[in-house]
Amino acid sequence: MTGLLREIGTAALDELRAIRRDPAALTILVFAALFYAAIYPIPYKNQLAREIPIVAVDLDGSATSRRLVRMVDATEQAAVGWVVPTLAEAEVLVRSEAARGAVVIPETFERTIQRGEQAVLGVFGDASYFMIYSQVAGGIAQAAGTLSAGIEIRRLQASGSDEARARKSRDPLPIALHPLYNPSGGYGNYIIPAVLVLILQQTLLIGIGTLAGTRREGQGSIEKHSLAQCLGKALAYVTIYIVHAALLFTVVVRVFDLPHRGSLLRVLVFLLPFLLAVSFLGLTLSGLFRKRESALQGLMFTSLPAIFISGFSFPKEAMPLWLQWGAHLLPSTDGIAGALRIFQMDASLREVQGPFLLLWGLSAVYFLTAWAVLSRGRTHAG
């Protein structure tokens, strides 16, 4: 047993030396993850799309319609850049993307309200960019709701109710919203932690493939490896990437002020089988690459599918059943699910034992496939 551990340690050190001697592998395995983690969150620093330019079409031209336009402009979601009298003028602004939405106030708007009847606003938003659409629609709905509430309260006061009773009658069931785990409701807080896990997976896979391709270029084939060498290689990769994970979930999190509740130690313990599974998967796939460039070309395109099928950007319950099951073959699926629950929700390891055990299972399966590839000592793919 002692001899096996010594061999594993020696193989790990040899792999670390090989990484240091290969500039391409060194760049990807040591620097790429940190570089991407530092650059990726920057566009999401503002978290929410605010002050989106819209155009108001005021067909009524009344005091009430002008008040509504000012209230829409006062919301943080929308900024009224133009007030025009016709739909044709608004359409030109929207088609040119100068304005990303429009609110249309109908004729007789004020008169309809004064009669106690229901007036209907037209809201147009650029739904090709869903975040912009939701912000525009939300801002206009908020302003319209506030105006409507004020009108109703004044109507109740005119009928004899005092202001406090009128407010209660207008809103008998107020809602208190408390966003959990993402207090600002920011898009960056939602997406960045998941992408950090994906960055670990993709750079590790590409780095292992690049190193294998470099060796193939020099030797023409894969050298046969012993069990200890297979385990030693994985140990070297996990050693590098557990440090990366610690840096990503401390420095990056604090620099970009991401909400976090769980302890770093718990996150790292959970990520251990994740990194093992990715390492063994990378060693399995290394038999496919004859050149170091092949790893980058072959694995780069898998990043988007990995994030899409993880159940993070789109509910996995809405995916076909076969895709839900197939997604678990990628370590990132359960890695993202468990790491986020620990990191953002302060879940215990017991509470994420499902993905934790699945990752250990993937580690075992991919260890067997990696061992089969490395012990064979050659490849049949180009």
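The values are calculated or read from the model by the stated rules, or taken from the named source; none is laboratory data. What you see is a predicted model, and the numbers here were worked out from it, not measured in a lab. A quick note on method: Cβ atoms are made from the backbone with ideal geometry, for glycine too, and the neighbour counts reach across all protein chains shown.
Every condition in (1) farther than 22 Å from Ile52 by Cβ; (2) modelled with pLDDT of 85 or more holds for Ala164 except the one numbered (2).
Per-residue answers, yes or no, for (1) within 24 Å of Leu283 (Cα to Cα); (2) assigned by TED's automatic domain parsing to the domain that holds Val243; (3) in contact with a Phe, Trp or Tyr (Cβ under 6 Å, 6 or more places away or on another chain); (4) in a helix (DSSP H, G or I):
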{"residue": "Arg6", "(1), (2), (3), (4)": "yes, yes, no, yes"}
{"residue": "Ala11", "(1), (2), (3), (4)": "yes, yes, no, yes"}
{"residue": "Val30", "(1), (2), (3), (4)": "yes, yes, no, yes"}
{"residue": "Leu34", "(1), (2), (3), (4)": "yes, yes, no, yes"}
{"residue": "Ala38", "(1), (2), (3), (4)": "no, yes, no, yes"}
{"residue": "Thr64", "(1), (2), (3), (4)": "no, no, no, yes"}
{"residue": "Arg67", "(1), (2), (3), (4)": "no, no, no, yes"}
{"residue": "Glu89", "(1), (2), (3), (4)": "no, no, no, yes"}
{"residue": "Ala102", "(1), (2), (3), (4)": "no, no, yes, no"}
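The residue of the range 94-105 that is farthest from Gln142 (Cα to Cα), among those that are within 33 Å of the chain's Cα centre (by Cα) and surrounded by 14 or more Cβ atoms within 10 Å (Cβ to Cβ), is Val94.
Can you say whether Gly282 is assigned by TED's automatic domain parsing to the domain that holds Ile336 and within 20 Å of the chain's Cα centre (by Cα), as far as the supplied structure shows?
Working: assigned by TED's automatic domain parsing to the domain that holds Ile336: yes; within 20 Å of the chain's Cα centre (by Cα): no.
In short, no.
Residues in the range 365-382 that are surrounded by 14 or more Cβ atoms within 10 Å (Cβ to Cβ) and of a type in the set (Gly, Ala, Ser) were compared, and the one that is modelled with the highest pLDDT is Ala370.
For every residue, the table says whether it meets (1) more than 23 Å from Gly185 (Cβ to Cβ); (2) crowded, with 22+ Cβ neighbours inside 10 Å; (3) in contact with a His (Cβ under 6 Å, 6 or more places away or on another chain).
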residue: Val92; (1), (2), (3): yes, no, no
residue: Glu107; (1), (2), (3): yes, no, no
residue: Glu110; (1), (2), (3): yes, no, no
residue: Gln114; (1), (2), (3): yes, no, no
residue: Gly125; (1), (2), (3): no, yes, no
residue: Tyr129; (1), (2), (3): no, no, no
residue: Tyr133; (1), (2), (3): no, no, no
residue: Ala141; (1), (2), (3): no, no, no
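So that you can scan it fast, the table gives a plain yes or no per residue for (1) over 28 Å from Gly188 (Cα atoms); (2) without any contact (Cβ under 8 Å) to a residue 24 or more places away in the chain; (3) not small (Gly, Ala, Ser):
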| site | (1), (2), (3) |
| --- | --- |
| Leu299 | no, no, yes |
| Ile307 | no, no, yes |
| Phe312 | no, no, yes |
| Glu317 | no, yes, yes |
| Leu329 | no, no, yes |
| Ala347 | no, no, no |
| Leu374 | yes, no, yes |
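I'd like to check something: does the range 259-273 contain any residue that is crowded, with 18+ Cβ neighbours inside 10 Å, under 24 Å from Trp371 (Cβ atoms) and in contact with a Lys or Arg (Cβ under 9 Å, 6 or more places away or on another chain)? So far as the range 259-273 goes, no, none of its residues is crowded, with 18+ Cβ neighbours inside 10 Å, under 24 Å from Trp371 (Cβ atoms) and in contact with a Lys or Arg (Cβ under 9 Å, 6 or more places away or on another chain).
Kindly check whether there is at least one residue in the range 200-213 that is assigned to a loop (DSSP other than H, G, I, E, B), at pLDDT below 80 and surrounded by 12 or more Cβ atoms within 10 Å (Cβ to Cβ).
The first filter runs over the range 200-213 and keeps only residues assigned to a loop (DSSP other than H, G, I, E, B), leaving none.
Within the range 200-213, not a single residue is assigned to a loop (DSSP other than H, G, I, E, B), at pLDDT below 80 and surrounded by 12 or more Cβ atoms within 10 Å (Cβ to Cβ).
Do we have any residue at all in the range 137-153 that's at pLDDT below 85, polar (S, T, N, Q) and not assigned by TED's automatic domain parsing to the domain that holds Gly311? Yes, some residue in the range 137-153 is at pLDDT below 85, polar (S, T, N, Q) and not assigned by TED's automatic domain parsing to the domain that holds Gly311.
So, in the range 308-324, exactly how many residues are at pLDDT 85 or above, exposed (fewer than 11 other Cβ atoms within 10 Å of the Cβ) and assigned to a loop (DSSP other than H, G, I, E, B)? Total meeting the criteria: 1.
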